[in-house]
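So the structure is just underneath, and the comments pick up after that.
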Amino acid sequence: MYGLNVNYRRAQILLRKSGKNTFSAFTLTELLVVIAIVGGLAALTIPGIKSASNSAKSAAALSNLKQTGVLVANYAAENNGRLPLSAYWPSFYIFQNILADAFPDLRKAPYNSAAQLYLHAIFYDPVLKGKREHPWGSFGVNSAVLLDSSRYSGGDAQGVGMPYAMILNPSQKVIVCSAIEPGWASSWGMDGDVFVQKGFDPTYGPDPRYGGKAGALFADGHVEKLDVKNMDQATRKKYFTLTP
């Protein structure tokens, strides 16, 4: 034991004489290099995480549209092949509420009561969470295809509207899409005829919020993303009006 203590003291004396320590600290230059490397890795990683998050939200939004299509199909099945009105104007009874009344379970789980978004989550857009979503929904029902009471006189106060058979090319007709209106980050409704005549408007109509494209639900129930910014008038007419 005595020999070990002597050797330990000798080692301490040698270290003091040499002015060296057994552990070397980072120099300022080395520390800055490490910080730069970590920052570079973060710059590469964070956009990827953000992109993945946005993609997941876009997929959830399209899923909401798809579920809306299922509700519309079920509604038609229960109403002799007639679709819900896009709106019944005398009492301002709109598409989203017509579906919610037809399927009461949709009333049991408001999306965000604190933000005064009282409808079911499928009527709102995860991509817009935290923004000023319209209280009546984030996806706009297209009144040029899914007619309202002013365009289809056979509609009634319960919201029952046009026969599905009136849509001659259902795989080409948009009934609901991601939409916007002035003052809001979204819109519950839109007029396809306006979009056909005026073209793309960043303040009204189809909103390309999914990587530059708008999410669209077609009358046959399928969902896809459309390049509404660069769509010519003939294509707008084919997709957004009842014209064959």
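The values are calculated or read from the model by the stated rules, or taken from the named source; none is laboratory data. Just so we're clear, the structure is a prediction, and the values are computed from it rather than from any experiment. So basically every Cβ, Gly included, is an ideal-geometry build from the backbone, and we count neighbours across all protein chains shown. Just so you know, the surface numbers come from the protein's heavy atoms only, side chains and all, with ligands and any DNA or RNA stripped out. Shrake-Rupley method; radii C 1.70, N 1.55, O 1.52, S 1.80 Å.
Within segment 144-157, restricting attention to residues that are of a type outside the set (Asp, Glu) and surrounded by fewer than 23 Cβ atoms within 10 Å (Cβ to Cβ), which residue is farthest from GLY81 (Cα to Cα)? First the steps, then the outcome.
Of all residues in segment 144-157, those of a type outside the set (Asp, Glu) come to 144-147, 149-155, 157.
Applying the additional criterion that residues be surrounded by fewer than 23 Cβ atoms within 10 Å (Cβ to Cβ) yields 147, 149-154, 157.
Numbers: LEU147: 15, SER149: 17, SER150: 20, ARG151: 18, TYR152: 15, SER153: 17, GLY154: 13, ALA157: 17 Å.
Across segment 144-157, the extreme among qualifying residues is SER150.
Evaluate segment 130-143: report whether one residue or more is in a helix (DSSP H, G or I) and surrounded by 19 or more Cβ atoms within 10 Å (Cβ to Cβ). Can you show your working first?
Applying the first criterion (in a helix (DSSP H, G or I)) to segment 130-143 yields none.
Checking segment 130-143: not a single residue is in a helix (DSSP H, G or I) and surrounded by 19 or more Cβ atoms within 10 Å (Cβ to Cβ).
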Practice item. Give segment 95-113 a look and list any residue that's without any contact (Cβ under 8 Å) to a residue 24 or more places away in the chain and among the small types (Gly, Ala, Ser), or say none. Key: ALA100, ALA109, SER113
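How many residues does segment 78-97 contain that are out of contact with any helix residue (DSSP H, G or I) (no Cβ under 8 Å at 6 or more places or on another chain), in a helix (DSSP H, G or I) and open to solvent by less than 60 Å² (accessible area, probe 1.4 Å)?
Looking only at that region, the number is 2.
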Check your understanding: Inside segment 211-244, can you point out the residues that are open to solvent by 20 Å² or more (accessible area, probe 1.4 Å), assigned to a helix (DSSP H, G or I) and either touching a helix residue (DSSP H, G or I) at 6+ places or on another chain (Cβ under 7 Å) or within 19 Å of VAL70 (Cβ to Cβ) (or both)?
Key -> GLN233, ARG236, LYS237, LYS238, TYR239
Point to revise | Which listed residue, of PRO202, PRO208, is free of Cβ contacts under 8 Å to residues at least 40 places away in the same chain and either among the aliphatic types (A, V, I, L, M) or surrounded by 20 or more Cβ atoms within 10 Å (Cβ to Cβ) (or both) | key: PRO208
Revision key, fill the gap. Note on segment 158-199: residues of a type in the set (S, T, N, Q), open to solvent by 10 Å² or more (accessible area, probe 1.4 Å) and within 19 Å of PHE95 (Cα to Cα) are GLN158
Practice item. State whether the residues of segment 183-198 include one that is of a type outside the set (Val, Ile, Thr), touching a residue at least 24 places away in the same chain (Cβ under 8 Å), part of a strand (DSSP E or B) and within 25 Å of ARG236 (Cα to Cα). Key: yes
